[in-house]
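Since the structure comes first, as structure tokens, the remarks are kept for the end.
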Amino acid sequence: MTSLSVILSCIVMFLVTGGLGILMSRSHRATPAIYGLSLLLSAIAFVISLMHLATSFVDAPTVILPIGLPWLGAHFRLDALSAFFLLVANLGGTLASLYGLGYGRHEHAPHRVLPFFPAFIAGMNLVLLADDAFTFLISWEFMSLASWALVMSHHRDAGNRRAGYLYIVMASFGTLALLLAFGLLAGPEGAYGFAAIRAAEHAPLTAGLVLILLLLGAGSKAGLVPLHVWLPLAHPAAPSHVSALMSGVMTKIAIYGFIRVTFDLLGAPMWWWGLVVLLLGGATAALGILHALMERDLKRLLAYSTIENIGVIFVSLGLALAFKANGMGLASALALTAALFHIFNHSLFKSLLFFGAGAVLTATGERDMEKLGGLIHRMPVTSFTFLVGCVAISALPPFNGFASEWLAFQAILQSPNLPQWALTIAVPAVGGLLALSAALAAACFIKAFGITFLGRPRTPAASDVSEVDRFSLGAMGVLAGLCLLAGILPGIVIDGVASVVLSLVGDRMPVQMDIPWLSIVPIAESRSSYNGLLVFLFIAFSASATIYIVHRYASRTLRRSAAWDCGFPEGSPLTQYTAGSFAQPVRRVFGTLAMRVRERVDMPAPGDLRPATFSVEQHDLVWEGLYVPIAGAVGFAAEKLNRLQFLSIRRYLSLVFLALVFLLLVLALWS
Amino acid sequence: MVLISALFVQAFQMALVVLLAPLLTGLIRKVKARLLRRQGPSLIQPYRDLLRLLRKEAVVAENASWLFRVAPYLIFATTWVAAAVIPTFATGLIFSWTADLIAIVALLGSARFLLALAGMDVGTSFGGIGSSREAMIATLAEPSMLLIIFTLALVAGSTQLSTIAGFMSSPEVGLRVSLAIALVALVMVAIAENARIPVDNPATHLELTMVHEAMVLEYSGRHLAMIELAASLKLLLYISLIVCIFVPWKLAAPETGPTAYLAGLVVYLTKLIVGGALLALFETSIAKMRVFRVPEFLGAALMLALLATLLRFVSRSL
Amino acid sequence: MNGPVFDIAHMLAGGLVLVSMMMLYQDRLYALLNVFALHSLVLTLSVAWQALIQDAPHLYVTAAIALIFKAIVIPVALHRMIRQLGIHREIETVVGVGPTMLAGIGLVALSIVVMLRVTPEADPLAREDLAFALSVLLLGLLIMVTRRNAVSQVVGFMSLENGLVLAATGAKGMPLVVEISVAFSILIAFIVIGVFLFRIRERFDTVDVRALDDFRGRRRK
């Protein structure tokens, strides 16, 4: 049995598991059974894709199943790119299932989650294996609908219903754009197989149009600005392990779609594609993290931070396209490696952080950070793993987020060799934006961890908690370990994705695992190198040596006392800094421009007994500038068309008749 | 044998930076005091302070977590590792390729991340104010720093400090506008990063504009000693960074023997003294800014760094 | 190009851009004037250096004009005027410093791209000087549009003019440079006076200089 057929059977089994979920939904054994089966199946698919990626470099088995369109069938193919994304998806699926084993027990309405969870994983796997446009779109839509059902699982909350509505609208729009893109790719003959599309020549105009449609379609699923508005609403609305899958994995499936078409199907890129993708990515990164920093809902903060990471990935992809268009193979390989590495990393730490947020939600029932605080004392394991996730996502060494951002910066430093002026000016500016978003991300996650886990509990909900179950802790522990491992041994990942990069840009980075001391060296040691392992060991060694020396030779006594606080300790925990007050300086610096923030302080005169008030006004400019006018236009058009409901039969008939004549006329004039 | 001597030089550098850091702080305090016509504390006063702090018992707030107690050591260790790979008196140390300039900045970012969290751990409003302002300063200082690195890397073709220093001491550099602007921006960033006047005042407590001191307000004893040492080390690191990039004279090349190392060491000490004295002079001649002037100051640094990167493209068109 | 000769010219021209950016950052009138004096001083050095390397003695005249009028006379005169008129010393900016500087960076990028694209085969020295000069010119315009105060507008205009002089001297063999520069200086003096007349009229509904005397008289009482 080939690896492709094993994964396909896994997908079938996922669907069966989903069916089982419907049948058993009222049974109390359903939760462990469904998540257990999902865990097993994802683990099998994970191992198979890992083996495929590690062993067969050029081997790309295909299978044609006689389902779907009768003259086309359903094509499936497993190449290096699919294998890499299958690995990411099923690693996420495995750990989400493990987490679900514990987390799912607290679910109020398991019958709304259990059938769709395996179906969602199956849908994502199907997209990755599809080898013709028809199968791809069907799987894409299946994935969207399954995740939509999961978003709507707590549909009694009005906010969730609104999120679900917005999500389904944006998902339909995205699929429509993809449909048009594949229609253009297939051409008038209707060659829908990916092999045929790959072999065909695409006119520059068509290819450019496909790129724009693709940015609309895949970009809306991934959360590219300005198509991101649904994401921070929909991702947090789902149960936390599903949020982790949506943020950590499903956005990557969207990026897979983008990479598959631009790097594989569309032929040689043009340089302006890189520029467009680069600028969109930079804007997405900066805007996403700025919104995350203003947020006080923990899960929504994580969702906004997903938008930022998508931006970072798109910046690297844009660089890779620009380099590829100019025939700079090595630089292109470097940028694409950075993108794939960051995709892998983000799936790790974003899942970890959503699991942590889920654990906090289970323990306290709160997502609002301003009602939490001090959880580090009562949830030690959760807080430690969450801290690891925070450091990793803030791109700080020695964890994995830094390794991929470092590669992205190295790719940016290759840009002066680009011949186009627009690119050479845009790339350093986008590099600055990238650095800005990395710094803002660090501030954002200082806030997320500091307000939620440190300090004193702000409400009784936060003070009376206990650690969550072992399954959840296990899933978080594995992810935290992987974050560290990928950070200190980045060479393994870089070599792992080398076959993918080689197949897409025709070049690859030098083999990293042969370099002494396990450093990573993108081009040459005299230019740049980084050794996560040594950095980690040095920090660990010098910290423990310092602790030992200080405790041995200086002093080891410790006295607990009241907090000093400049001599005026304040009893109430409400005097602590809150999420809003932590973000205030940054809000003042960046928010006035990016969100038109206005702060109003109403301070009554001495003797006046009115309470002082402080209010902040904040606008989402994308929402107000783009979506509100569109919604208004649609509403206006609907209002006008409403009249058509009240015509006589004769008029309806004449409308049909006119339409028929018009179409015949078009046909007559066309040919 | 070569390996052993290389390891020895590296170990010497690590010891050197830790031992010199308090002396540099003492020197700056002394020069500032003399400029104000005060006698000032002795040069070795920082050592005495550190030793005393180390010997005292540590008083920790009742609700402080493990993070609060571990953070000082991690902050110190991270800063130390970053300082160990900067060429001070010699280039091409055996572990210098462990971290390039981007990684050094990121290591300092890790230290800052931990410090800001430690400031929030006890749950006092002073800690929060310090952490939140530190985060704001970092959001502007880090991108400026990276853009400066871009400029340097585009000039020297490398982000490896030893290579950059080697290139900058070669005659082909010449005078470049982008480098001059990068130097101005780097000095501005260094002032902000080290909490010096006019951004923050290292000599104050009990002032509403303080940033760094507010974060470490709850620390005492050995924990405070570690944080103070890390702060001195960071100052030494930044001055070493500036001198190794912009005045890389007499840096000993790898494996050149003890005479070259000795010469490099003497010159390095001279550079440190001059750098410290200049900093003290600058600090006494300027007033501290309001907190919300700081974003403008750092914004200007960011813009200068961006300008330097852009002008780099003009210089390239030779 | 031949080493340090080019480097110094390049450095001085780039320094002018840097000082222009510094002018964008200032929010006090006196500081702005001081920076403008520095701006003119850098221009003087740049022009003098060009005179030296191009072996063009008439450029020394331009440099001297720049030094005497723009680096000394005009700033001092403006200082006096500010003091005498009691103008509010903080500059009222239309937009904040941050966005203004961002716009300034954008303008520098624009001028670099434009100049390097339209003059691909020119002599690199002249080419870069032109790029810098265009940046200085655009930054001067930016100062003028982002400031409400008449004095800072004048300063913006004069820094713009400095950019023009830089452009004129960078291009080799321009015999009319002296005349141009003198003409411009006169023009500037004209504008300085004109703007002030405007200000006076705004305040006192008259351009009669006696209004100033009356005003002084009243204040003394």
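The values are calculated or read from the model by the stated rules, or taken from the named source; none is laboratory data. All values derive from a computational prediction rather than experimental measurement. Please note: Cβ atoms are built from the backbone with ideal geometry, for glycine as well, and neighbour counts cover all protein chains shown.
Table for the structure above
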quantity: Qualifying position, being more than 7 Å from chain A (Cβ to nearest Cβ), buried (at least 24 other Cβ atoms within 10 Å of the Cβ) and hydrophobic (A, V, I, L, M, F, W, C), among B:Ile102, B:Ile149; calculated: B:Ile149
quantity: The lone exception for A:Ile64 - which of (1) assigned to a strand (DSSP E or B); (2) in contact with a Ser or Thr (Cβ under 9 Å, 6 or more places away or on another chain) it fails; calculated: (2)
quantity: Residue match in the range B:36-47 (condition: within 14 Å of chain A (Cβ to nearest Cβ), within 23 Å of the chain's Cα centre (by Cα) and in a helix (DSSP H, G or I)); calculated: yes
quantity: Residue that is farthest from the chain's Cα centre (by Cα) [pool: residues in the range B:50-70 that are of a type outside the set (D, E, K, R) and at the interface with chain A (Cβ under 7 Å from one of its Cβ atoms)]; calculated: B:Asn63
quantity: Failed item, numbered, when B:Phe292 is tested on (1) within 13 Å of chain C (Cβ to nearest Cβ); (2) among the aromatic types (Phe, Trp, Tyr); (3) touching a residue at least 40 places away in the same chain (Cβ under 8 Å); calculated: (3)
quantity: Cβ pairs under 8 Å, 6+ apart, first in the range A:585-609 and under 25 Å from A:Cys444 (Cα atoms), second crowded, with 20+ Cβ neighbours inside 10 Å and among the β-branched types (Val, Ile, Thr); calculated: A:Val586/B:Thr139; A:Val589/B:Thr139; A:Phe590/B:Thr139
quantity: Residue within the range A:546-567 that is assigned to a strand (DSSP E or B), among the charged types (D, E, K, R) and at the interface with another protein chain (Cβ under 8 Å from one of its Cβ atoms) present; calculated: yes
quantity: Residue match in the range A:583-594 (condition: among the aliphatic types (A, V, I, L, M) and touching a strand residue (DSSP E or B) at 6+ places or on another chain (Cβ under 8 Å)); calculated: no
quantity: Residue within the range B:162-177 that is part of a helix (DSSP H, G or I), crowded, with 24+ Cβ neighbours inside 10 Å and within 14 Å of chain C (Cβ to nearest Cβ) present; calculated: yes
quantity: Selected residue (criterion: modelled with the lowest pLDDT) from residues of the range C:60-111 that are of a type in the set (D, E, K, R) and more than 25 Å from B:Phe292 (Cα to Cα); calculated: C:Arg83
quantity: Residue within the range A:374-387 that is touching a Lys or Arg at 6+ places or on another chain (Cβ under 7 Å), modelled with pLDDT of 95 or more and not aromatic (Phe, Trp, Tyr) present; calculated: no
quantity: Single condition A:Arg527 does not satisfy, out of (1) at the interface with chain B (Cβ under 10 Å from one of its Cβ atoms); (2) surrounded by fewer than 17 Cβ atoms within 10 Å (Cβ to Cβ); calculated: (2)
quantity: Yes/no for C:Leu12 being within 13 Å of chain B (Cβ to nearest Cβ), touching a residue at least 12 places away in the same chain (Cβ under 8 Å) and in a helix (DSSP H, G or I); calculated: yes
quantity: Boolean, A:Leu593 is modelled with pLDDT under 90, out of contact with any Lys or Arg (no Cβ under 9 Å at 6 or more places or on another chain) and part of a helix (DSSP H, G or I); calculated: yes
quantity: Hits in the range A:581-631 (condition: of a type in the set (S, T, N, Q) and within 29 Å of A:Ser437 (Cβ to Cβ)); calculated: A:Ser581, A:Gln584, A:Thr592, A:Ser615, A:Gln618
quantity: Among the candidates B:Ala116, B:Ala83, residue that is within 18 Å of B:Leu236 (Cα to Cα) and either without any contact (Cβ under 8 Å) to a residue 40 or more places away in the chain or buried (at least 24 other Cβ atoms within 10 Å of the Cβ) (or both); calculated: B:Ala83
quantity: Checklist (1) within 14 Å of chain B (Cβ to nearest Cβ); (2) among the aromatic types (Phe, Trp, Tyr); (3) in contact (Cβ under 8 Å) with a residue 40 or more places away in the chain applied to A:Phe409, failing item; calculated: (3)
quantity: A:Val616 surrounded by 12 or more Cβ atoms within 10 Å (Cβ to Cβ), assigned to a strand (DSSP E or B), at pLDDT below 90 and more than 11 Å from chain B (Cβ to nearest Cβ); calculated: yes
quantity: Out of A:Val656, A:Val622, A:Val661, sole residue that is of a type outside the set (Gly, Ala, Ser) and surrounded by 11 or more Cβ atoms within 10 Å (Cβ to Cβ); calculated: A:Val622
quantity: From A:Gly159, A:Gly267, residue being touching a His at 6+ places or on another chain (Cβ under 9 Å), at pLDDT below 95 and surrounded by fewer than 24 Cβ atoms within 10 Å (Cβ to Cβ); calculated: A:Gly267
quantity: Counted residues, the range C:29-64 - those being surrounded by fewer than 19 Cβ atoms within 10 Å (Cβ to Cβ), among the β-branched types (Val, Ile, Thr) and touching a Ser or Thr at 6+ places or on another chain (Cβ under 9 Å); calculated: 1
quantity: Qualifying residues in the range B:114-130 (those that are modelled with pLDDT of 95 or more and facing another protein chain (nearest Cβ under 7 Å)) - the one nearest to B:Arg293 (Cα to Cα); calculated: B:Ala116
quantity: The range A:491-519, residues that are in contact with a strand residue (DSSP E or B) (Cβ under 8 Å, 6 or more places away or on another chain) and either polar (S, T, N, Q) or at pLDDT below 85 (or both); calculated: A:Gln512, A:Ser519
quantity: Odd one out for B:Met14 among (1) free of Cβ contacts under 8 Å to residues at least 60 places away in the same chain; (2) farther than 30 Å from A:Ile393 by Cβ; calculated: (1)
quantity: Meets criteria (part of a helix (DSSP H, G or I), out of contact with any Pro (no Cβ under 9 Å at 6 or more places or on another chain) and small (Gly, Ala, Ser)) for A:Ala442; calculated: yes
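Residues checked against (1) more than 9 Å from chain B (Cβ to nearest Cβ); (2) in contact (Cβ under 8 Å) with a residue 40 or more places away in the chain:
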site	(1), (2)
A:Pro416	no, no
A:Trp421	no, no
A:Ala426	yes, yes
A:Ala442	no, yes
A:Phe449	no, yes
A:Phe453	no, yes
A:Pro460	yes, no
A:Asp464	yes, no
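Here is a yes/no grid of residues against (1) outside any helix (DSSP H, G or I); (2) modelled with pLDDT of 95 or more; (3) within 14 Å of chain A (Cβ to nearest Cβ):
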site	(1), (2), (3)
B:Val184	no, no, no
B:Asp200	yes, no, yes
B:Glu218	yes, no, yes
B:Leu229	no, yes, yes
B:Leu233	no, yes, yes
B:Leu237	no, yes, no
B:Ile245	no, no, no
